[in-house]
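These notes are about the structure you will find just below.
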Amino acid sequence: MLSTARTTWSPECAGPRRPSSDAPRRAVIFLPGGVHAPWPRSHSVAARVASSSANPAGCLEAAAPWSGIAPPALPIMDFDVAGPAAAVSSEERVRQLVMKQAGLAAAAAARTPRMAQLAGRDAGALDVAFDRCGAVCKEYAKTFYLATQLMTPERRRAIWAIYVWCRRTDELVDGPNAAHTSALALDRWESRLEDVFAGRPYDMLDAALADAVAAFPAVNARPFRDMIEGMRMDLARSRYATFDDLYLYCYRVAGTVGLMTVPIMGVSPDSEADLGTVYAGALALGVANQLTNILRDVGEDASRGRIYLPQDELAMAGISEADIFAGRVTNDWRTFMKGQIARARAYFSQAEQGAAELNQESRWPVWASLLLYRQILDDIEANDYDNFTKRAYVPKAKKLAALPKAYFKSLRPPPSQRHS
């Protein structure tokens with residue numbers, strides 16, 4: 001989904017080294033710059049902002065509070081999905097989770113922002129932090145950044161902060177220095193997330209996210225934790241036996257982004273759709289994007305010894321791992337790919353239902369993402385399903401051409417709107 005950046009990790013942040021060939025490929029990646037040592041507690045907010053501007057990623061080894069935001073604890077909403085994992089499919093368990101997430105968001109919508117935390121913030125320092133998040137978004141997701149310009153400043157800044165957190169998280173296991181990442185590093189990153197939701201950010205980018213989740217009470221920690229769980233899957237697995245297994249992975253590393261952002265983007269006041277429909281659409285877009293990434297990157301993943309395709313479906317198609325590692329584009333492979341592309345397109349179609357019900361000002365970036373990413377599937381077909389030696393992509397001219405189309409789609413009233 002996003003371009004790979006260059007990050008330099010310090011030895012202090014490194015866990016046990018793992019072979020670089022294990023580095024996975026996924027939807028969201030991160031930032032330029034290096035990782036700095038923890039700030040001394042005596043440093044001023046201004047000094048910390050200046051330090052973060054040069055070294056934005058932050059170190060996982062410590063969590064010294066960032067003094068730009070007051071530290072009252074925030075409630076972290078959480079829930080478990082009922083039912084034994086063996087008896088319920090991953091897709092059904094995720095569906096149940098999403099419906100509960102929608103219910104929690106509906107209940108939280110009536111609450112005011114966490115004013116105690118917002119009142120204690122250093123507005124000037126946070127402006128710098130959000131500007132940094134916007135600069136990162138503009139650098140690595142230019143089309144998406146442009147499409148966020150119609151959003152209110154509060155929503156736009158919050159979306160940028162979430163974007164940056166997702167990139168930082170993904171970079172832990174998908175960046176050029178991912179070999180340094182251990183399970184312990186992910187544990188520390190998750191602990192740092194809890195500090196963000198408790199109003200104790202470590203660096204300026206954490207501070208932007210802490211301010212965003214304080215301003216939008218319907219955002220809760222569960223999808224953020226689930227994304228980190230997806231990173232743990234990448235440390236431990238390089239194969240997926242069934243699509244149900246792969247679906248859980250897609251939810252964790254990409255579907256979670258929709259659950260993070262819907263409470264910020266908001267639902268149109270004219271919408272009569274159930275909130276669960278909107279959340280299900282957001283989940284579907286993440287899954288569709290991730291499936292598209294997987295289909296685009298088959299050759300790159302194979303070069304790293306990884307196969308993100310359902311093993312049982314490959315076997316039924318008569319395709320072996322040796323065929324994939326050799327990059328054989330056979331009739332069996334073309335038939336298999338047609339089925340995989342059809343599945344991804346079905347998720348894109350479901351995503352449209354949710355996108356159309358969002359606030360009008362928030363629809364443009366979502367429609368832009370949907371339309372642009374779906375074109376990658378078209379390019380795989382145009383390459384005669386050779387995703388071993390040819391990388392499918394959307395040229396800049398097509399990206400620019402898609403923006404007006406996405407914009408006009410964003411102007412349409414929600415399909416659920418009742419006409420008197």
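The values are calculated or read from the model by the stated rules, or taken from the named source; none is laboratory data. Please read all numbers here as calculations on a predicted model, not as lab measurements. When we count neighbours, we look across all protein chains shown, and the Cβ atoms used for this are built from the backbone with ideal geometry, even at glycine. Heavy atoms of the whole protein, side chains included, go into the accessibility calculation; ligands, DNA and RNA do not. Shrake-Rupley method; radii C 1.70, N 1.55, O 1.52, S 1.80 Å.
Mind telling me which of the residues Pro153, Pro176 ends up being surrounded by fewer than 23 Cβ atoms within 10 Å (Cβ to Cβ) and without any contact (Cβ under 8 Å) to a residue 24 or more places away in the chain?
Pro153
Restricting attention to the range 149-197, which residues are part of a loop (DSSP other than H, G, I, E, B) and touching a Leu at 6+ places or on another chain (Cβ under 6 Å)?
Across the range 149-197, the qualifying residue is only Thr181.
Out of the residues in the range 282-298 meeting the condition of being among the polar types (S, T, N, Q) and closer than 17 Å to Asp234 by Cα, tell me which one is surrounded by the most Cβ atoms within 10 Å (Cβ to Cβ).
Gln290
Residue by residue through the range 376-398, note down the ones that are open to solvent by 50 Å² or more (accessible area, probe 1.4 Å) and either closer than 22 Å to Arg343 by Cβ or in contact with a Leu (Cβ under 6 Å, 6 or more places away or on another chain) (or both).
Asp378, Glu381, Ala382, Asp384, Lys390, Arg391, Tyr393
Please go through the range 239-257 and pick out each residue that is open to solvent by less than 20 Å² (accessible area, probe 1.4 Å) and in contact (Cβ under 8 Å) with a residue 60 or more places away in the chain.
Tyr240, Leu246, Tyr247, Tyr251, Val253, Ala254, Gly255
Could you tell me which of the residues Asp195, Asp301, Asp270, Asp211 is more than 26 Å from Ala106 (Cα to Cα) and in contact (Cβ under 8 Å) with a residue 12 or more places away in the chain?
Asp301
Filtering the range 399-410 down to residues that are touching a residue at least 24 places away in the same chain (Cβ under 8 Å) and farther than 16 Å from Ala141 by Cβ, which residue is most open to solvent (accessible area, probe 1.4 Å)?
Only one residue fits best here, namely Lys405.
Can Tyr347 be described as open to solvent by less than 40 Å² (accessible area, probe 1.4 Å), part of a loop (DSSP other than H, G, I, E, B) and modelled with pLDDT of 95 or more?
The answer is no for Tyr347.
Do the conditions hold for Tyr163, that is, is it within 30 Å of Pro404 (Cα to Cα), at pLDDT 95 or above and either within 15 Å of the chain's Cα centre (by Cα) or open to solvent by 10 Å² or more (accessible area, probe 1.4 Å) (or both)?
So Tyr163 passes the test.
Out of all the residues in the range 299-310, which are over 20 Å from the mean Cα position of the chain (by Cα), buried (at least 17 other Cβ atoms within 10 Å of the Cβ) and in a helix (DSSP H, G or I)?
Residue satisfying the conditions is Ala302 alone.
So, in the range 229-266, exactly how many residues are in a helix (DSSP H, G or I), β-branched (Val, Ile, Thr) and over 14 Å from Leu285 (Cα atoms)?
Qualifying residue count for the region: 1.
Which number in (1) open to solvent by less than 10 Å² (accessible area, probe 1.4 Å); (2) at negative phi; (3) of a type outside the set (D, E, K, R); (4) at pLDDT below 95 marks the one condition that Ala236 misses?
Failed condition: (1).
Residues in the range 311-325 that are of a type in the set (Val, Ile, Thr) and either at positive phi or open to solvent by less than 10 Å² (accessible area, probe 1.4 Å) (or both): how many?
Residues flagged as of a type in the set (Val, Ile, Thr) and either at positive phi or open to solvent by less than 10 Å² (accessible area, probe 1.4 Å) (or both) within the range 311-325 amount to 1.
Taking the options Val173, Val262, name whichever one is under 26 Å from Thr152 (Cα atoms) and of a type in the set (Val, Ile, Thr).
Val262 is the lone residue from the list that is under 26 Å from Thr152 (Cα atoms) and of a type in the set (Val, Ile, Thr).
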